[in-house]
Amino acid sequence: MNSISYWLYLCLILRASSACKNEKEDITVTKIIQNSGLNEGPHWDHQSQKLFFVDIFNQKIFSFDPATGTTRSVYIANGPVGVAIPVYNELNTFIVGTGTDFALVNWNSNEDNTSATVEVKATVDKGKTNTRWNDGKVDSSGRFWGGTMGPEINSVVTPNQGTFYSIDSDFIPKVQISPVSISNGLTWSLLDDTLYYIDSPTYQIAAYDYDPHSGGISNKRIIFDLQKNNIPGLPDGMTIDSDGNLWVAVYNGARVIQINPVTKELIRTVHLPTSKVTSVTFGGPLLDTLYVTTSGLGPIEMKNEAMYAGGIFAIKNLGVHGLLPNLFRTNV
Ligand code: BGC
Ligand code: CA
């Protein structure tokens, strides 16, 4: 028996043990929540050990406690909720991109609330009609980065209506990239010197030199193109693992892909039972569960998809883990 078949043999008899955890057959994809809307923006909150995510058009922020299976939500009357991230050291406070407003929202995530205090701190895309906040994240300096997208009618988005912004603790939006069509996934390299960014209809993942102190980006280059790699669908939300590899949700592609941004190669594909995969983040006590959001809107395209579309999934046994997400800082 050569060493590989010996290892496989060991794997078979030790099936449940960690010896085989990198083997494809041990990766589990489990639906943990069923929700019908456009779910997005998963954020793992390490302090409360809860997963937060938003349901954009139902205008809700959700919390999910994996230890108890409890889901709670709050309704934001202000408008569609593209992104919500906790504020550092401020209990029950979130920065929220709602409509084109950037607001502070107060919510105790142990409660179901039909209303919340919304304090609008800034408004973007002034003079434009029908744009809205989409994905966003906070950098290592506590600065928010996120962007907007144009109106989406019957799955068609008016191009070049959005803008990608950063917002510091002074709440003054700074234009970073304009125009964009569907401002989507973003994350930073482990060395904190590169911003990875997705404008979905380009099918590309772009990289920019990034300065965490000034918050400036420059020197755009393309590190991966889904179309050129014959991958169906659009790149959507994105996160990074502790090896520096990117995990990208593929909208209309029923999958999550792992990409090496240095070699520009596809490393792995994990399939999901529904096509509109919107975003990903690592969570759990060891940050080794990949939480995946999906959308329940639009036509059903896959067999048995109805029971999965709009679900939130937990992918386990990937053999990798993520990093703690940053929180918005109001007073840096
Ligand atoms: C947006 C959707 C859009 C999709 C396309 C999502 O982030 O919220 O409205 O259809 O991206 O990739
Ligand atoms: Ca998204």
Taking θ = phi - 60°, what integer Hz values does the Karplus form 6.51 cos²θ - 1.76 cosθ + 1.60 yield along the range 125-140, in sequence order, with x for Gly and Pro? 6, 4, x, 9, 10, 6, 8, 8, 4, 10, 5, x, 7, 10, 8, 5
Kirkwood hydrodynamic radius, computed over distinct alpha-carbon pairs, for the chain: how many Å, to one decimal? 20.0
Tilt, helix 3-13 to longest principal axis of the chain (alpha-carbon atoms), in degrees rounded to tens, equals 80
Once the in-chain neighbours fewer than 8 apart are removed, the aspartates and glutamates whose Cα is under 12 Å from Lys264 read Asp225
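Take the residue pairs Lys228/Lys303; Lys60/Lys303; Lys228/Lys316; Lys137/Lys316; Lys50/Lys126 and return only those whose Cα atoms are more than 32 Å apart.
Values: Lys228/Lys303 27 Å; Lys60/Lys303 29 Å; Lys228/Lys316 29 Å; Lys137/Lys316 23 Å; Lys50/Lys126 34 Å.
Table pairs above 32 Å Cα-Cα are Lys50/Lys126.
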Cross-link reach list, aspartates and glutamates versus Lys121, counting only Cα pairs under 14 Å and skipping chain neighbours closer than eight places: Asp101, Asp168, Asp170
Given charges of +1 on the Cβ of Lys and Arg and -1 on the Cβ of Asp and Glu, with all other atoms neutral, how large is the dipole of the range 3-316 about its Cα centre, in debye to the nearest 20? 580
The exposure ranking of Val138, Val87, Val277, fewest beta-carbon neighbours within 10 Å first, is Val87, Val138, Val277
Shape verdict for the range 165-312, please, from the Cα gyration tensor: rounded (a/c under 1.5), prolate (a/b greater than b/c) or oblate. prolate
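Placing +1 at every Lys and Arg Cβ and -1 at every Asp and Glu Cβ, with all other atoms neutral, what dipole size does the range 221-320 have around its Cα centre, in debye to the nearest 20? Walk me through the numbers on the way to the answer.
Values: 8 positive and 8 negative charges, 29 e Å.
For this selection, approximately 140 debye.
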Could you tell me which of Phe171, Thr274, Gln258 has its Cα farthest along the dipole of the chain towards the positive end, charges placed at Cβ (Lys, Arg +1; Asp, Glu -1), taken about the Cα centre? Thr274
Among Gly244, Gly136, Ala314, the residue whose Cα sits farthest towards the positive end of the charge dipole of the range 3-316, when +1 is placed on the Cβ of each Lys and Arg and -1 on the Cβ of each Asp and Glu, is Ala314
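Over the range 220-277, what relative contact order in percent results from Cα pairs under 8 Å that are six or more residues apart? Present the calculation step by step, with values, prior to reporting the outcome.
Details: 113 pairs, mean separation 15.8, N = 58.
Here the relative contact order equals 27 percent.
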Please tell me the relative contact order of the range 67-214 in percent, rounded to the nearest whole number, where contacts are Cα pairs under 8 Å and at least six residues apart. 15
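Each value in this text was obtained by applying a stated rule to the coordinates, not by laboratory testing. Model, not experiment: these values are computed from the prediction. Cβ sites come from the backbone with ideal geometry, for glycine too, and all protein chains shown count toward neighbours.
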